[in-house]
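See structure below.
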Amino acid sequence: MVNMMGGFYADNDSLVRAEGHRSCGIAAQALMLAAQSMGYDSCPMIGFDFQATGELINLPKTHEISMAVAIGKALSPARPRAGQLPYEEVVIQNRFSK
Ligand SMILES: Cc1cc2nc3c(=O)[nH]c(=O)nc-3n(C[C@H](O)[C@H](O)[C@H](O)COP(=O)(O)O)c2cc1C
């Protein structure tokens, strides 16, 4: 499996990058669910200076920030959602209709 993975990602930077961000999304979600189960609130964020943050944490050139997840105790309840796309628009079963 490990040998196969090397070839699968070799010379395909966009696949490597996409896979990294996919994994970070799953990890962030797991982190948020774990935080909630421990009584904390969380919020994923991309509204910060990636460059400055990278310098602050000595981010290696081979790494990229996907997002930040703030975890703590909410000072006030979350605001009502601005809106939500209809279920049928975001969940496609088997195939898109023509
Ligand atoms: C990857 C990601 C990045 C986000 N970045 C920000 C951000 O920088 N600033 C912000 O106010 N909300 C940001 N949001 C939205 C909030 O995290 C949150 O989704 C929003 O407040 C609505 O909450 P709700 O999804 O529970 O309704 C981001 C959401 C996601 C999924």
Only one of Val2, Val69 that is without any contact (Cβ under 8 Å) to a residue 24 or more places away in the chain and either among the aliphatic types (A, V, I, L, M) or in contact with a strand residue (DSSP E or B) (Cβ under 9 Å, 6 or more places away or on another chain) (or both): Val2
Is the range 72-80 home to any residue that is among the charged types (D, E, K, R) and either loosely packed, with under 10 Cβ neighbours inside 10 Å or under 13 Å from the mean Cα position of the chain (by Cα) (or both)? yes
For the range 67-77, which residues satisfy the criterion of being closer than 19 Å to Ala34 by Cα and polar (S, T, N, Q)? none
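One line per residue, one yes/no per condition, for (1) surrounded by fewer than 10 Cβ atoms within 10 Å (Cβ to Cβ); (2) within 11 Å of the ligand (Cβ to nearest atom):
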site	(1), (2)
Val2	yes, no
Gly7	yes, no
Val16	no, no
Gln29	no, yes
Ala52	yes, no
Leu59	no, no
Leu85	yes, no
Gln93	yes, no
Test Ala74 against the criterion of being over 30 Å from Met5 (Cβ atoms), within 14 Å of the ligand (Cβ to nearest atom) and either at pLDDT 95 or above or of a type in the set (Phe, Trp, Tyr) (or both), and give yes or no. yes
Listed by first then second residue, the pairs whose first member lies in the range 37-48 and is within 16 Å of Met67 (Cβ to Cβ), whose partner is within 7 Å of the ligand (Cβ to nearest atom) and open to solvent by less than 80 Å² (accessible area, probe 1.4 Å), with beta carbons under 7 Å and at least 6 positions apart or on separate chains, are Pro44/Met67; Met45/Met67; Ile46/Met67
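The values are calculated or read from the model by the stated rules, or taken from the named source; none is laboratory data. Not measured: the values here are computed from a predicted model. Positions of Cβ are generated from backbone atoms using ideal geometry, with glycine treated the same way; all protein chains shown enter the neighbour counts. Please note that ligands, DNA and RNA were not included when accessible areas were found on the heavy atoms of the full protein model with its side chains. Shrake-Rupley method; radii C 1.70, N 1.55, O 1.52, S 1.80 Å.
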